[in-house]
Structure formats: structure tokens, C-alpha cells
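S.K.: Please find one structure pasted underneath; my questions will follow.
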Amino acid sequence: MKKKCLLLLSLLLIGCANKDITKEIKIICPTGAPALAFYNYALNDSFETNSVPDNITSLMTNKSPYTVAVIDTVSGMELIRNGAPYKIAANITFGNYYIVQTGNDDDRIMNLGDTVLLFGKNKTPDYLFKYLYPELYSSVRWVDSVTNIKEELLNPTVPFDYAFIAEPAMSTINKANIVEYKNIQSEFNNKSGLDLVQASIFIKNNLDEEIAKEFLLTIKNNISSCLLDPTLIANGLDQLSNPTSIASIYGVSSAIAKKLIQNNNRVGLGYKDAIENKTAIDNLLTIFGKETSNEKDYF
């Protein structure tokens with residue numbers, strides 16, 4: 001009898017360990033830097049990306065099938081404040097914003113009257129630009145996404161002088177006149193004394209806690225591994241044999257993704273449990289004129 005009980009217990013434990021968490025996890029994530037955290041999910045049907053941030057925030061509702069959403073930290077915290085059924089779980093990017101110049105500005109100095117292309121209205125890029133360059137905010141021309149920024153830099157519909165862009169999109173533009181003008185992470189740190197907490201993972205309230213913890217640990221380990229060995233990120237993306245598919249899902253080729261990690265991690269990839277980084281999150285919210293967070297907002 002004792003042996004039968006031990007056998008039954010072993011089978012139950014094996015069953016729990018082998019539980020397919022992908023049946024309960026469904027991920028929506030922006031293309032670009034945050035998506036690179038999911039380099040091992042290239043062939044996973046539970047992982048989807050979208051190039052327009054507003055499309056993701058609009059999906060963070062009670063009826064949403066997405067149990068994991070990745071979006072900029074400030075937008076996600078505001079959604080929670082307004083009743084979105086999610087909690088912030090982890091921060092996974094810590095700054096990959098830049099301003100590039102197009103060569104159209106004669107004095108090569110971004111000032112009033114120069115046109116600046118910006119994406120992410122009412123999101124972190126918007127708040128950052130307004131915080132850093134309040135006197136130039138009237139010079140902004142809006143587009144929907146960083147993909148639109150890239151398209152305009154490659155084939156402008158109307159001339160402009162500067163553009164706010166993110167890596168890895170910036171490194172996919174090969175035009176001699178498009179050069180880096182400002183490193184937004186450095187500009188923000190110089191003015192505020194703080195580091196950026198850019199994109200975060202938000203867990204839906206109805207996701208099983210143990211499954212969520214297992215998932216987060218996997219992402220944490222994957223990020224740590226690829227920062228030590230950038231070849232892993234290229235290998236992960238290359239599970240998709242079609243380069244067009246890689247670019248459409250991740251916003252960048254596997255070779256450039258690897259190069260950006262090797263080049264001082266220009267995509268700002270990393271991992272911090274959000275609750276342990278609450279002070280930094282609250283500091284960011286305060287600078288942008290938002291309400292600070294409550295512990296109940298955290299996974």
C-alpha cells in the first residue's frame with residue numbers, strides 16, 4: 001500500500017511539472033526591444049506582437065484573451081489605476097530611445113521651428129519629450145508607432161528635421177544622412193538623476209499564480225542568458241526560417257538583434273521584479289505628473 005501511495009504521489013508531481021502552461025498563457029507584446037525578451041517564443045502560438053502601442057492597451061480589458069501584456073510602464077500603471085484587470089509583474093527594458101537628425105536642419109541644433117517626428121502620444125515617448133524639451137513640444141508632428149517613424153525616415157511624405165525613435169528600429173535604417181543626435185536615456189538621467197523603467201510585463205488577474213511565476217522565471221532566465229551570450233537571441237529568432245517573418249514579429253533581423261546586445265545592450269534589455277523596483281517606478285510616475293502606485297497594483 002505504501003509503495004502504491006508513493007507511486008501515485010510521484011505521478012501527480014510529474015503531472016504538475018509537465019503541465020503545459022502555454023494553454024493558459026497568451027502574450028501580446030510590442031514589436032521591437034520588448035519582443036526580444038521572448039526570443040525563445042518565435043514558434044510559440046501563444047506569443048503575438050503588435051507594432052502600435054494603442055492596439056495593445058485597448059486589449060487590456062476583462063474580456064481580453066491575453067493573460068500577459070507588455071506595454072510601457074507608465075501606460076500600464078495608468079490602465080490599472082483606471083480598472084484594467086492586470087498587475088505589474090516585471091520590468092524588462094530600461095531605455096532604448098534616441099533622437100536622430102535627418103540633415104534637413106541647417107544649424108544642426110534642435111530648436112523651436114524645427115519639425116520633430118514623435119510616436120506614442122499619451123505614452124512614455126510623449127511624456128519623455130515633453131519633460132526633456134517642453135519648449136519644443138509645439139514642434140512635434142505625430143505618427144502612430146516607431147514603425148511609422150522608420151517608414152518616414154526611409155521615405156518621407158513631408159520633410160522634417162528630427163525624429164524620436166527606438167532601438168532596434170534605429171539600427172535597421174541605413175541612410176548616411178540619418179545620424180544619432182540625442183541619447184534619451186542619458187538626457188533623462190542628466191535632468192532627473194533617475195534611470196528609465198521603460199517596458200513592463202503585466203499579468204492578468206485571472207492567470208494562475210504558480211503558472212505566472214513559472215513563466216516569469218523563464219523570461220528572467222532567458223534574458224540573463226542572452227545578455228551573457230547574445231548568440232542565443234539570434235538562434236531563437238532564427239527558429240523562424242523566413243527573414244520576413246522574423247522582421248514582422250520582432251521588428252529586426254536576428255543578426256542586428258545580436259549586434260545590439262553586443263553593442264552595450266542598446267535595446268536596454270534586462271529584468272527586475274516590479275515590486276522590488278517600486279521606488280523607481282513611483283519616481284518615474286511622479287516626474288510625469290501621474291499618481292504613484294499601490295502595492296496592490298503589483299503581482
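The values are calculated or read from the model by the stated rules, or taken from the named source; none is laboratory data. Remember, it's a predicted structure, so these values are computed and weren't measured experimentally. Methodologically, a virtual Cβ is constructed for each residue, glycine included, from the backbone with ideal geometry; neighbour enumeration extends over all protein chains shown. Ligands, DNA and RNA are excluded from the accessible area calculation, which covers all protein heavy atoms including side chains. Shrake-Rupley method; radii C 1.70, N 1.55, O 1.52, S 1.80 Å.
S.K.: So which of A280, A255 ends up being among the small types (G, A, S), surrounded by fewer than 18 Cβ atoms within 10 Å (Cβ to Cβ) and at pLDDT 95 or above?
M.R.: A255
S.K.: Looking only at the range 32-44, which residues are surrounded by fewer than 23 Cβ atoms within 10 Å (Cβ to Cβ) and more than 13 Å from L240 (Cβ to Cβ)?
M.R.: Those that are surrounded by fewer than 23 Cβ atoms within 10 Å (Cβ to Cβ) and more than 13 Å from L240 (Cβ to Cβ): none in the range 32-44.
S.K.: Could you please let me know if S248 is open to solvent by less than 70 Å² (accessible area, probe 1.4 Å), not acidic (D, E) and not in a loop (DSSP other than H, G, I, E, B)? Lay out the reasoning, then the answer.
M.R.: Numbers: open to solvent by less than 70 Å² (accessible area, probe 1.4 Å): no; not acidic (D, E): yes; not in a loop (DSSP other than H, G, I, E, B): yes.
It is false that S248 is open to solvent by less than 70 Å² (accessible area, probe 1.4 Å), not acidic (D, E) and not in a loop (DSSP other than H, G, I, E, B).
S.K.: Being touching a residue at least 24 places away in the same chain (Cβ under 8 Å), over 13 Å from the mean Cα position of the chain (by Cα), farther than 27 Å from L217 by Cα and open to solvent by 60 Å² or more (accessible area, probe 1.4 Å) is the requirement here; does G113 meet it?
M.R.: Numbers: touching a residue at least 24 places away in the same chain (Cβ under 8 Å): yes; over 13 Å from the mean Cα position of the chain (by Cα): yes; farther than 27 Å from L217 by Cα: yes; open to solvent by 60 Å² or more (accessible area, probe 1.4 Å): yes.
For G113, the condition - touching a residue at least 24 places away in the same chain (Cβ under 8 Å), over 13 Å from the mean Cα position of the chain (by Cα), farther than 27 Å from L217 by Cα and open to solvent by 60 Å² or more (accessible area, probe 1.4 Å) - is met.
S.K.: Output the qualifying pairs, or none if there are none: Cβ atoms under 7 angstrom, residues six or more apart or on different chains, first residue in the range 51-67 and closer than 19 Å to I165 by Cβ and at pLDDT below 95, second residue of a type in the set (A, V, I, L, M, F, W, C) and surrounded by 13 or more Cβ atoms within 10 Å (Cβ to Cβ).
M.R.: Partner pairs satisfying both residue conditions: P53/I71.
S.K.: For the range 51-77, how many residues meet the condition of being buried (at least 19 other Cβ atoms within 10 Å of the Cβ) and either assigned to a helix (DSSP H, G or I) or at positive phi (or both)?
M.R.: Of the residues in the range 51-77, 8 are buried (at least 19 other Cβ atoms within 10 Å of the Cβ) and either assigned to a helix (DSSP H, G or I) or at positive phi (or both).
S.K.: Among the residues of the range 152-162, is any crowded, with 21+ Cβ neighbours inside 10 Å, assigned to a strand (DSSP E or B) and in contact (Cβ under 8 Å) with a residue 60 or more places away in the chain?
M.R.: Yes, the conditions are met somewhere in the range 152-162.
S.K.: Now a separate question. Going through the range 131-150 one residue at a time, which ones are in contact with a Ser or Thr (Cβ under 9 Å, 6 or more places away or on another chain), part of a helix (DSSP H, G or I) and within 18 Å of A247 (Cα to Cα)?
M.R.: V146, T147, N148, K150
S.K.: Further question: Scan the range 20-48 for residues that are among the hydroxyl-bearing types (S, T, Y) and either assigned to a loop (DSSP other than H, G, I, E, B) or closer than 17 Å to L269 by Cα (or both) and jot them down.
M.R.: Listed by number, the residues that qualify are T31, Y39, Y41, S46.
S.K.: Right, next: Filter the range 163-193 down to the residues that are part of a strand (DSSP E or B) and either under 11 Å from N96 (Cα atoms) or at pLDDT below 95 (or both) and list them by number.
M.R.: Once the filter is applied, which keeps residues that are part of a strand (DSSP E or B) and either under 11 Å from N96 (Cα atoms) or at pLDDT below 95 (or both), the range 163-193 yields F164, I165, A166, N183.
S.K.: How many residues does the range 206-233 contain that are crowded, with 21+ Cβ neighbours inside 10 Å and either among the charged types (D, E, K, R) or free of Cβ contacts under 8 Å to residues at least 40 places away in the same chain (or both)?
M.R.: Residues meeting the conditions: 0.
S.K.: Further question: Could we say that A84 is open to solvent by less than 10 Å² (accessible area, probe 1.4 Å) and in contact (Cβ under 8 Å) with a residue 12 or more places away in the chain here?
M.R.: Working: open to solvent by less than 10 Å² (accessible area, probe 1.4 Å): no; in contact (Cβ under 8 Å) with a residue 12 or more places away in the chain: yes.
Against the criterion (open to solvent by less than 10 Å² (accessible area, probe 1.4 Å) and in contact (Cβ under 8 Å) with a residue 12 or more places away in the chain), A84 does not qualify.
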